Amino acid sequence: MRTLGMFVKWPRPGQVKTRLARSVGPEAAVDFYRACVEDMVDRLRLSGDRRILAWAPESPAAARYFSTLAGDDFDLWLQPDEDLGGRLIRFFQDHACHPDDRVVVIGSDSPTLPLRYLDAAWDALKDSDCVLGPAVDGGYYLVGLRKPIPALFDDIAWDSSTVLTQTIRQVRQSGATLALLDPWYDVDTLGDVELLDGHLAALDAAGERLISPRLRQSLDLLREQTDGFHPETD
């Protein structure tokens, strides 16, 4: 079974997009994050055989929000109160349980991620134990497994620019076979937002328009607020 897990947080000031918030303020950062999540969920509703929103933190309001967002297309899975490594371990333990499972996890920081990258990840897991999608900031935008490898997420400095390097080390030590996807970019800072804005414009010009109405509206508001973006302030 091709399973897609998307790790998401309830949009709240001070809890999401904190690096972007330093440039645009917490409320604008939350609005941008919410737009990314909601547009991505809509784009992913037909991806794979099963889709799961891995949400946090636990609260009645967050549960209502994600239940409404998921609709009939996503299952919900509450992230445990652990660091990212612990949460990833638990997710794969819960969902990579059978020989035919191919489980891929993404976050919400790559709103333009092509859907073909997900298909490539599931295809790679036919022959490899692990697949990683390198992010240009030194982390990764996707990780996939066909069986749990708990050691994969041990001793990782999650807020550093060496997450990918450390994870590759853990892959080697575990003896797992590895496949790599092409690099892609995350959106964490105002400079990244400018890159995203330009990328969407380029896609439009090339006739490959990405359907992302909430994201585009959020970008328009950020452009007005920052007078055309000024990434040097990041």
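Every number here is computed from the coordinates shown, using simple stated rules; none is lab data. Since we're looking at a predicted model, the values are computed, not measured. Methodologically, a virtual Cβ is constructed for each residue, glycine included, from the backbone with ideal geometry; neighbour enumeration extends over all protein chains shown.
Charge tally for residue 163 (other residues, Cβ to Cβ under 12 Å; Lys, Arg +1; Asp, Glu -1): -3.
The ranking of 147, 126 by Cβ neighbour count inside 10 Å, starting from the fewest, reads 126, 147. In this rough spin-label picture, where each label sits 7 Å from Cα along the Cβ direction, the residue 100-residue 63 distance is 3.3 nm. When the label point is put 7 Å from the Cα of residue 93 along its Cα-to-beta-carbon vector, which residues of the stretch 130-155 have a backbone N closer than 20 Å? Once the point is set 7 Å along Cα→Cβ of residue 93, 130, 143-155 turn out to lie under 20 Å by backbone N, inside the stretch 130-155. Using C-alpha pairs below 8 Å separated by at least 6 residues, the relative contact order for the chain is 22 percent. For residue 147, the lysines whose Cα falls under 26 Å of its own Cα, not counting residues fewer than eight places away in the same chain, are 9, 126.
Here the spin labels are modelled as points 7 Å beyond Cα on the Cα-Cβ line, and at residue 1 and residue 217 they lie 3.5 nm apart. Here the spin labels are modelled as points 7 Å beyond Cα on the Cα-Cβ line, and at residue 206 and residue 158 they lie 3.3 nm apart. Note the listed values (i) 0.91; (ii) 0.99; (iii) 1.10, then indicate which one is Cα Rg over 2.2 N^0.38 Å calculated from this particular structure. Entry (ii). When the Gaussian network model of the chain links Cα atoms closer than 10 Å, the mean-square fluctuations of 134, 13, 60 top out at 60. DSSP loop (so not H, G, I, E, B), at most 15 other Cβ within 10 Å: list which GluC sites (Glu not before Pro) in the stretch 30-115 pass both filters. In loop regions of the stretch 30-115 (DSSP not H, G, I, E or B), the sparsely surrounded GluC sites (Glu not before Pro) are 58, 82. Largest GNM mean-square fluctuation among 21, 61, 121, using the chain with Cα springs under 10 Å: 61.
For residue 50, neighbours were defined as the other residues whose beta-carbon sits under 13 Å from its Cβ, and their charges (Lys and Arg +1, Asp and Glu -1) total -3.
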